[in-house]
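Take a look at the structure set out below.
The values are calculated or read from the model by the stated rules, or taken from the named source; none is laboratory data. The structure displayed is predicted, hence computed values, not measured ones. So basically every Cβ, Gly included, is an ideal-geometry build from the backbone, and we count neighbours across all protein chains shown. Areas reflect the complete protein model, heavy atoms only, side chains present, ligands, DNA and RNA absent. Shrake-Rupley method; radii C 1.70, N 1.55, O 1.52, S 1.80 Å.
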Amino acid sequence: MTERTGFPAPATADVAAVRAAWAGAVTLVTVADGRDDIGATVSSFSPASAEPPLVLVSLMSGSYPAELFSRPDEPVTRFAVTLLAAGQRVLAGRFAASGRPAARLMLDDVPHARGAASGALIPSGGLAAVECVPQQRVDAGDHLLVIARVTAVPYATEDGKPLIRFRGGYARF
């Protein structure tokens, strides 16, 4: 492929405006680390393939979850992703806060179960939950992309409204 030259780089503010205009589903990524239960709110999640069933999760480089997935000696081998419902805004906020405690403490007052395939904590009441095995990790700018194979679907509902991140906040339906 030939690289095009002569095009000016877009202004950082322009790229930020495009990113803000993107509406994305809010998810909760959870890991049973062996030391503790870890969780993080992630709004960069996408189905990537139907066959085989693959998803893409984008984690901020330098974040603790990205560090866990990148450990050379003992990287994450199983995890879960819960697509949060509109009524789970408080839960998303808990897992987005810095300096948060272990995931099991933040889910203490929320119905949840451990995933049979991942061992990760999976809150009830979301739109769907998947358990995954990382297949590929890609450093991409200020993020770590994790392409993962779906190994189980603990639940998927046909009702409900999604929790959507839009222009720095949550969209209202």
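Please tell me the relative contact order of segment 1-159 in percent, rounded to the nearest whole number, where contacts are Cα pairs under 8 Å and at least six residues apart.
Taking the mean separation of contacting Cα pairs over the length of segment 1-159, I get 24 percent.
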Exercise. For every helix of n ≥ 4 consecutive DSSP H residues, a contribution of -39,500 (n - 2.57) applies; sum these over the chain, divide by its total residues, and give [θ] at 222 nm rounded to the nearest 500 deg cm²/dmol.
Key: -4500 deg cm²/dmol
Quiz item: Where in segment 91-138 are there trypsin sites (Lys or Arg not before Pro) that are in a DSSP coil and have at most 10 other Cβ atoms within 10 angstrom of their Cβ?
Solution: none
Self-check item: Net lengthening on full extension, Ser124/Ser49 (0.36 nm per residue, minus Cα-Cα)
Solution: 24.5 nm
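When Lys and Arg each count +1 and Asp and Glu each count -1, what net charge do the other residues less than 9 Å away from Val133, Cβ to Cβ, add up to?
It works out to a net charge of +1.
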Quiz item: Could you give the distance between the Cα centres of segment 85-142 and segment 155-173, to the whole Å?
Solution: 15 Å
Exercise. With a probe of 1.4 Å, find how much accessible area the chain has per residue, and write the answer as a whole number in Å².
Key: 58 Å²
Exercise. List the extent of the Cα atoms of segment 65-108 along each of their three principal axes, largest first, rounded to whole Å.
Key: 38, 22, 17
Quiz prompt | Phi to ³J(HN,Hα) by Karplus 6.51 cos²θ - 1.76 cosθ + 1.60 over segment 60-68, Hz, x for Gly, Pro | solution = 5, 4, x, 6, 4, x, 4, 4, 4
Quiz item: Ignoring ligands, DNA and RNA, what percent of the accessible area of segment 1-110 is carbon or sulfur (1.4 Å)?
Solution: 58 percent
Quiz item: Counting Lys +1, Arg +1, Asp -1, Glu -1, what net charge surrounds Pro53 among other residues with beta carbon under 14 Å of its beta carbon?
Solution: -1
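Would you mind giving the three semi-axes, in whole Å and largest first, of the ellipsoid equivalent to the chain according to its Cα gyration tensor?
Over the Cα atoms of the chain, the semi-axes work out to 27, 20, 16 Å.
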Quiz item: At what distance in nm do the modelled label points of Arg104 and Asp14 sit from each other, each positioned 7 Å from its Cα along Cα→Cβ?
Solution: 5.1 nm
Exercise. Quickly work out the Gln135-to-Leu56 label distance, labels modelled 7 Å from Cα along the C-beta direction, and quote it in nm with one decimal.
Key: 1.3 nm
